Amino acid sequence: MTRFDAIVVGGGPAGSTAARELAQAGARVAVIDRAVFPRDKVCAGWITPAVVRALDLDLVEYGRTNTLQVFHGFDTAVFGGRLRRNDFGRPVSYGIRRSEFDHYLLARSRATLIVGEAVVDVARDAGGWIVSGRYRAPILIGAGGHFCPVARSVVRHDRVEPVVVAQEVEYRPDGAEAAASLIAPARPTLIFWPDLMGYGWCVQKGPYLNVGVGRITARAFPAAVAEFRREIERRGLLPGGAPPAFKGHAYLVGRLSPRPTGRDGVLLVGDAAGLALAPSGEGILAAVESAQLAAVAVLGSPTAARASTAYANAIEVRFGRRGDAGWTGHLPAPLLELGGRLLLGSRLLTRRVLLEQAFLHEGRPPLETRATAAGGSFPSGR
Ligand SMILES: Cc1cc2nc3c(=O)[nH]c(=O)nc-3n(C[C@H](O)[C@H](O)[C@H](O)COP(=O)(O)OP(=O)(O)OC[C@H]3O[C@@H](n4cnc5c(N)ncnc54)[C@H](O)[C@@H]3O)c2cc1C
């Protein structure tokens, strides 16, 4: 049996961040992932400045060897409505490729990497958590994404989990196709359903195009994809339309998710806890911040069980009450649609309310507590 202070299952942004923060405080940390990195992850690859800040990402250094597209704004519309341009004249977001981004973050975590090994078995005894019958630790971080094996085997509950479904295709168009595309590299195009329960996107990242759809699944998802394809054709956004093979999966949105965040030394982070932000569906920021909160809880708690409780409280403070959609969740559909049309029909309202607040978090303070800044250390013998 190999012993660690903490085992992290999943090496996406949540797992690599938790591992890095704990390793920096001197803990022996293992990250176990079924994939060998670099690996693909279905994702549009949009990150906000808050992600860059939270990760202390040096964009110059990152961009030297990886795809990095700077976005200065967004072109937005409601389905069938006029496209409105909002150019902020400064970087407001970035486009990355997940195969590169996740690999970069995992490599710098300095954790012991156990890759190409799927976790199927998680057990507990008096000495802590045992993963795959071979690895033992008092702290187990579930960072395996929406289908995280730790979430499935340890944190059971019987409440319905409303999900967002999202699918995309990322490809490298040939020269003629790229030249005829109407997508501005510095401004992703976003087309919203008027109820603001989802949108389709076309994003250029260097030589790559990413086209996709995300929607809270009140409406049948294949119909939503077909509707977005028709919209791309009607507007002539991409010559020949979007390629056929969209891929993706469901995931949970923090405000709607009733999933508990852990127990007894288990802490679920990122998609495993279901923390993505609405209405953008941005999951990377929540993955990074939850991982940082998890590290703080582990380093600041006298026992493994107390770490899970401290973490649950910290998540509620940062992301709001679980399973509570807020007042917009109680509005009737026609009123939501009317509100959405009014918002998206105005360039100024789109900019102030949808983009600056909901998408770019311009009023949201950064996380104040970081594990390393808090001077935490990993107490042994728990
Ligand atoms: C189509 C689509 C587009 C999206 N676009 C965006 C976007 O543009 N911006 C954004 O912020 N968010 C986006 N998201 C959401 C975002 O991808 C996720 O929220 C984010 O990846 C969560 O990170 P994570 O580290 O929690 O999980 P993941 O990134 O899913 O990482 C989980 C890791 O766990 C590993 N794993 C899973 N099961 C096992 C197992 N049994 N054993 C071992 N390892 C395992 C996986 O191999 C993977 O490496 C999108 C999602 C979809 C579906």
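Annotation: extensible slack from V36 through R263 equals 78.8 nm (criterion: 0.36 nm per residue apart, minus Cα-Cα distance). With the convex hull constructed from alpha-carbon coordinates only, the range 41-135 shows a mean projected area of 10.2 nm² over all directions. Mean-square fluctuation check for the chain, GNM, Cα pairs under 10 Å: which of I141, I114, I32 is largest? The residue with the greatest mean-square fluctuation here is I114. Across the range 130-219, Cα pairs under 8 Å and at least six residues apart give a relative contact order of 27 percent. Comparing mean-square fluctuations of V165, V353, V119 from a GNM of the chain with C-alpha springs under 10 Å, the top value falls on V353.
Gain in length, R108 to E61, computed as 0.36 nm per residue apart minus the alpha-carbon separation, to one decimal in nm?
On the way: separation 47, 0.36 × 47 = 16.92 nm, distance 1.29 nm.
Using 0.36 nm per residue and subtracting the Cα-Cα distance, I get 15.6 nm.
Taking label points 7 Å from Cα along the Cα-to-Cβ direction, R364 and R53 give a separation of 1.1 nm.
Here is the P(r) of the range 1-64: all C-alpha pair distances, binned every 5 Å from 0, give 4, 13, 20, 22, 22, 12, 4, 2, 0 in whole percents. Only one residue of T17, Y62, G73 has its Cα farthest out toward the positive end of the dipole of the range 1-83, where Lys and Arg carry +1 and Asp and Glu -1 on Cβ, and that residue is T17.
Taking a probe of 1.4 Å, how large is the accessible area per residue of the range 206-269, in Å²? Solvent-accessible surface per residue comes out at 39 Å².
What the Cβ-Cβ distance of R352 and M1 gives, at R0 = 41 Å and to the nearest 0.05, is a FRET efficiency of 0.15.
Counting pairs of alpha carbon atoms under 8 Å apart in space and at least six apart in sequence, what relative contact order in percent does the chain give? Could the numbers behind the result be given before it?
Working: 826 pairs, mean separation 82.9, N = 382.
Rounded, it is 22 percent for the chain.
Over the range 140-207, all Cα pairs binned in 10 Å intervals from 0 give whole-percent P(r) values of 14, 30, 23, 22, 9, 1, listed from short to long.
Once divided by 2.2 N^0.38 Å, the Cα radius of gyration of the chain becomes 0.99.
Which of the helices in the chain, when you take each full DSSP H run, stretch at least 15 Å along the axis at their Cα atoms and have an average Kyte-Doolittle score of 1.0 or higher? Walk me through the numbers before you get to the answer.
On the way: long enough: 13-24 (16 Å, -0.33); 221-235 (21 Å, -0.69); 284-300 (24 Å, 1.83); 304-319 (22 Å, 0.22); 333-345 (18 Å, 1.06).
Result, helices passing both filters: 284-300, 333-345.
Distance from a point 7 Å along Cα→Cβ of K247 to each backbone N in the range 146-163: keep the residues under 20 Å and list them by number. Under 20 Å, as judged by backbone N against the label point of K247, lie 146-149 of the range 146-163. Structure remark: mean-square fluctuation, Gaussian network model of the chain, C-alpha springs under 10 Å; the largest value among G95, G80, G145 belongs to G80.
In the range 2-102, which trypsin sites (Lys or Arg not before Pro) are in a loop and have at most 10 other Cβ atoms within 10 Å, using DSSP for the loop call?
Working: sites: R3, R20, R28, R34, R39, K41, R53, R64, R82, R84, R85, R97, R98; in loops: R28, R34, R39, K41, R82, R97.
In loop regions of the range 2-102 (DSSP not H, G, I, E or B), the sparsely surrounded trypsin sites (Lys or Arg not before Pro) are R82.
Each stretch of four or more DSSP H residues adds -39500 (n - 2.57); spread over every residue of the chain, this sum gives -8500 deg cm²/dmol at 222 nm.
With contacts defined as alpha carbon pairs under 8 Å and 6 or more residues apart, what's the relative contact order of the range 223-327 in percent?
Averaging sequence separation for qualifying contacts and normalising by length gives 28 percent for the range 223-327.
Net length available on complete extension from D158 to V115 is 12.3 nm, with 0.36 nm assigned per residue and the Cα-Cα distance removed.
The values are calculated or read from the model by the stated rules, or taken from the named source; none is laboratory data. If you're wondering where the values come from, they're calculated on a predicted model, not measured in any experiment. All Cβ positions, even for glycine, are placed from backbone atoms using ideal geometry, and neighbour counts span all protein chains on display. Just the protein is used for accessible areas: all its heavy atoms, side chains included, with ligands, DNA and RNA removed. Shrake-Rupley method; radii C 1.70, N 1.55, O 1.52, S 1.80 Å.
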